[in-house]
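These notes concern the structure reproduced below.
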Ligand SMILES: C[S@@+](CC[C@H](N)C(=O)[O-])C[C@H]1O[C@@H](n2cnc3c(N)ncnc32)[C@H](O)[C@@H]1O
Ligand code: SF4
């Protein structure tokens, strides 16, 4: 509830400052309220820099089952696209839709396992949830069991499915549109074989139907940063800013989520900081993925089902996550090796410390863009400064601090 009120105020604030809000007069009120605090003070930047160093993954051989979370259910591993960074088509797992009775069993299990405040499921691992002909039926089951949905979508089927989404808007906690590329050329490369015009058409329909957040309050956009999208990151604010509140537009770095690391090797930014994903937060984590046939894998990148540890339709989920196969995966990881010949061998990430520093810095860029009406060119320059600085080295705290040369950027918990 409190979170909803906060989100509402931030949205109102961001929209007002951008001039779309209900009252332009609120602009000065918001600015006044914020001007005494600065989240991007030297002290805070130092703290973030120091904390980035302190991240660690608990490396226990057994998961604490009291903290288990069953929230990733792959209803279908089919997709209307084949984005090169994801490459669903190369998955060798049989393409299926989860049977409805099995989906209900999984939701009932999730109800038993998850704490009351974690009654949310997402419907993808590899695949586009709205492609499934049973999409509406899954939503009906989620609603029947008073669960909520966090939907990640490429957004291209909105026109066809908008009535279903509206009908079940009461259970849709958030909708996240995955959109990479602010120009037609980059978008169509990243989201192959989608057409940019079709995306815009769908976004127009969604925005019109959802006027004043009538159905969906929490609408986000997520963009992957890679060599192809980097030159136009700031442009995303301009092109998509009329469909999404700017404070709900997120950037994440490309990882090697795909059957091979081919695209990642070619297109990853910050190449010097690419490391083998070990220890892996999925293997040591509290959430596992339920695949469309009920198989359980710790990993969302398990395209061929190579590290399946059990099947939720035949075994108890709590037993699966700590069975011999699961523990063996963790034991191997503790030796600092990732299984040869399997998906883990080519699983790379960018040093999480840098990713933390980048996320914090992007908040400042976005707020500066909103508050100070920074132009797209200037905003883009600020994005690039980070990547230039970290290109060859790990920047010092002073160098990192120098990036934040924004004027009067106030605190916002965006
Ligand atoms: C695999 S998709 C499935 C849901 C839906 N089809 C979509 O595109 O949102 C889930 C998320 O993973 C992201 N993703 C795919 N490949 C990625 C990669 N190599 N690195 C980082 N994120 C990736 C997508 O952009 C999307 O936001
Ligand atoms: S990122 Fe989403 S839309 Fe693109 S291929 Fe993967 S599952 Fe499909």
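Below is a table of values for the structure above.
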{"read-out": "Gain upon complete extension [residue 167, residue 359; 0.36 nm per residue less C-alpha separation]", "value": "65.6 nm"}
{"read-out": "All-pairs Cα distance distribution in the chain, expressed in whole percent, bin size 20 Å", "value": "25, 59, 16, 0"}
{"read-out": "Distance in nm between pseudo-label sites at residue 58 and residue 265 (7 Å out along the Cβ direction from Cα)", "value": "3.7"}
{"read-out": "Share antiparallel - DSSP beta bridges, the chain, percent rounded to 5", "value": "30"}
{"read-out": "Simple spin-label estimate for residue 275 and residue 315 in nanometres, 7 Å along Cα-Cβ", "value": "3.1"}
{"read-out": "Spin-label model distance (nm) - residue 198 vs residue 339, 7 Å beyond Cα toward Cβ", "value": "3.5"}
{"read-out": "The range 275-373 - Rg over Rh from alpha carbon coordinates, Kirkwood radius", "value": "1.14"}
{"read-out": "Extension reserve of the residue 378-residue 185 stretch, reckoned as 0.36 nm per residue once the Cα distance is removed", "value": "67.3 nm"}
{"read-out": "Three principal axis lengths of the range 61-137 [C-alpha, angstrom, descending]", "value": "37, 33, 21"}
{"read-out": "Proxy reagent accessibility, fewest Cβ within 10 Å first, across 61, 313", "value": "61, 313"}
{"read-out": "Gained length - residue 328 relative to residue 391, 0.36 nm times residue gap less alpha-carbon distance", "value": "19.0 nm"}
{"read-out": "Longest to shortest principal axis, alpha-carbon extents of the range 39-186, angstrom", "value": "52, 47, 35"}
{"read-out": "P(r), alpha carbons of the range 65-105 - 10 Å bins starting at zero, rounded %", "value": "23, 39, 29, 9"}
{"read-out": "At q = 0.09, 0.11 Å⁻¹, base-10 log of I(q)/I(0) for the range 161-300 (Debye sum, equal scatterers on each alpha carbon)", "value": "-0.36, -0.54"}
{"read-out": "Antiparallel bridge percentage (DSSP; both residues within the range 67-203; nearest 5)", "value": "10"}
{"read-out": "Projected area, mean over directions - the range 319-358, Cα convex hull, nm²", "value": "3.9"}
{"read-out": "FRET E, pair residue 116, residue 12, Förster distance 22 Å, beta-carbon r, rounded to 0.05", "value": "0.15"}
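Read-outs throughout are calculated quantities, based only on the coordinates presented, and are distinct from any laboratory measurement. Since the model is a prediction, treat every value here as computed from it, not as a measurement. All Cβ positions, even for glycine, are placed from backbone atoms using ideal geometry, and neighbour counts span all protein chains on display.
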